[in-house]
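Each value in this text was obtained by applying a stated rule to the coordinates, not by laboratory testing. If you're wondering where the values come from, they're calculated on a predicted model, not measured in any experiment.
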Amino acid sequence: MVKVTNMHEMSYIARMVSLAIEVANENKAKAVKSIEVTIGKTSGVMPYYMHKYYPDASKGTILEGAELICKEVPVTALCEECGSEYEPVREHNYLCPNCGGRKARIIAGRDVVLTNVVIED
Ligand SMILES: [Zn+2]
């Protein structure tokens, strides 16, 4: 069996590229300067591979030659007991540092999101 590596990043970069093209088209852009992608720490996506696959994914599109900026964001949890936001850490058993509560929702850091498309004037 052939192991296909890094399909994860490949599919994400393809998605980000098509989203950015949509945004560029909606804004009737003639050229795109850069696109910015926010990558959650637990998304399992490595910026290194995003950069690696980006030239191929953007080839022949309006994004060809535009810069790819990857921003990594930490995981953020929202405590449902006291309402505070925090970065869960294993050392604290992922408990809320404010009230020690166990009920928390992950509100950031899990997804890969297209956060900006800079269009050339
Ligand atoms: Zn709390």
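In plain terms, the chain from SER84 to ASP111 could stretch by 7.6 nm, reckoned as 0.36 nm per residue minus the Cα-Cα distance. Annotation: amide H-H contacts under 5 Å for GLU72 (H modelled 1.01 Å from N, sequence separation of 5 or more, or interchain): ILE39.
Over region 7-119, calculate the relative contact order: mean separation of alpha carbon pairs under 8 Å at least 6 apart, over the residue count, as a percent. Working shown, then result.
Values: 207 pairs, mean separation 41.5, N = 113.
Result for region 7-119 is 37 percent.
With the helix formula -39500 (n - 2.57) applied to DSSP H stretches of n ≥ 4, the chain reaches a computed 222 nm mean residue ellipticity of -9000 deg cm²/dmol.
Note on the chain: semi-axes of the ellipsoid equivalent to its C-alpha gyration tensor, largest first and rounded to whole Å, are 34, 18, 10. Mean projected area of the Cα convex hull of region 80-121, taken over all directions, amounts to 4.5 nm². Each residue of region 41-56 was assigned a 3J(HN,Hα) from its phi angle through the Karplus expression (A = 6.51, B = -1.76, C = 1.60, θ = phi - 60°), giving 4, 9, 6, x, 9, 9, x, 3, 6, 4, 5, 5, 8, 4, x, 5 Hz with x at Gly and Pro.
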